[in-house]
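Notes follow the structure.
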Amino acid sequence: MERRVTMIGRKAAVRLQLGAGRRITPLIDDGTAVAKLKLYLRDCLDHKTLREAAYRCDVSVSTLSKALNGTALPNRKLVRQLARLTGNKETVARADTLWRLAAIEDLGLQPKDLIFPNPQTVAELATVLRAYLVDNNHRYELTPDSVAMLSRHDKTADGSVSTSTINRMLSGKKLPSDKALVAFLSVVGVNATIRAKLLTARNVLAEERRQVAV
């Protein structure tokens, strides 16, 4: 694999030549989590051409090219498939961590926002909840459907919550009830301390709404 690095200020533009005349376009390492993820995935290709890697990942060359170029967040499944090309479990784990950080950043948040959540609006609360759904996906593939199903069987969840309720919760269209919020957070795997902080934030928002309605 041939790598040419051109310094642009403090940023590095990286070009990878991947055989058969195929190239991945230069990528600026601008310090974002998405850029770090894509640079890491490019290293996972090693000497494989785009066509070979796409075949082994069971995707089109176009899909793979879009995942490795540009600024859009790649699909998590494809990220894992690319990392598995190395045959190294640690590489897969690292790629998954980078993807979760990039997904959180894509929501406009930073990891610290999940440790010290302080949503000021229903929309901000919904964004934080989506981030927890992403951040805890290393446990299992979490979707509104799976969370709803798990809440019916998880003893740590304070009752069950429906898929439609979760969808409204994540869209920010409606302030969730305290019971639904606790059930969601319990199933997703958020610890008790953070659950308490978010429940307090939720109750503050509910009180503000009541005062406006008076």
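The values are calculated or read from the model by the stated rules, or taken from the named source; none is laboratory data. As the structure is a prediction and not an experimental result, all values here were calculated from the model. With ideal geometry, Cβ positions are generated from the backbone for all residues, glycine too; neighbour counts draw on all protein chains shown.
Only one entry of THR71, THR49, THR97 meets the criterion of being modelled with pLDDT of 90 or more, surrounded by fewer than 17 Cβ atoms within 10 Å (Cβ to Cβ) and either at negative phi or not assigned by TED's automatic domain parsing to the domain that holds ASP135 (or both), and that entry is THR97.
Under the condition of being in a helix (DSSP H, G or I), more than 16 Å from PRO119 (Cβ to Cβ) and in contact with a Ser or Thr (Cβ under 6 Å, 6 or more places away or on another chain), the residues counted in segment 155-214 number 3. Taken together, the residues in segment 149-180 that are closer than 22 Å to ARG100 by Cα and modelled with pLDDT of 80 or more amount to 6. Out of the residues in segment 110-126 meeting the condition of being under 13 Å from the mean Cα position of the chain (by Cα) and under 18 Å from VAL188 (Cα atoms), tell me which one is surrounded by the fewest Cβ atoms within 10 Å (Cβ to Cβ). Here the residue is PRO111.
Going by the structure shown, is LEU64 crowded, with 21+ Cβ neighbours inside 10 Å and either under 14 Å from the mean Cα position of the chain (by Cα) or more than 28 Å from VAL190 (Cα to Cα) (or both)?
Judged against the criteria, LEU64 is a match.
Restricting segment 134-145 to residues that are surrounded by fewer than 19 Cβ atoms within 10 Å (Cβ to Cβ) and of a type outside the set (Ser, Thr, Tyr) leaves a set whose member that is modelled with the lowest pLDDT is ARG139. Being more than 30 Å from LEU129 (Cβ to Cβ), at pLDDT below 85 and in contact with a helix residue (DSSP H, G or I) (Cβ under 6 Å, 6 or more places away or on another chain) holds for only one residue in ARG22, ARG3, and it is ARG22.
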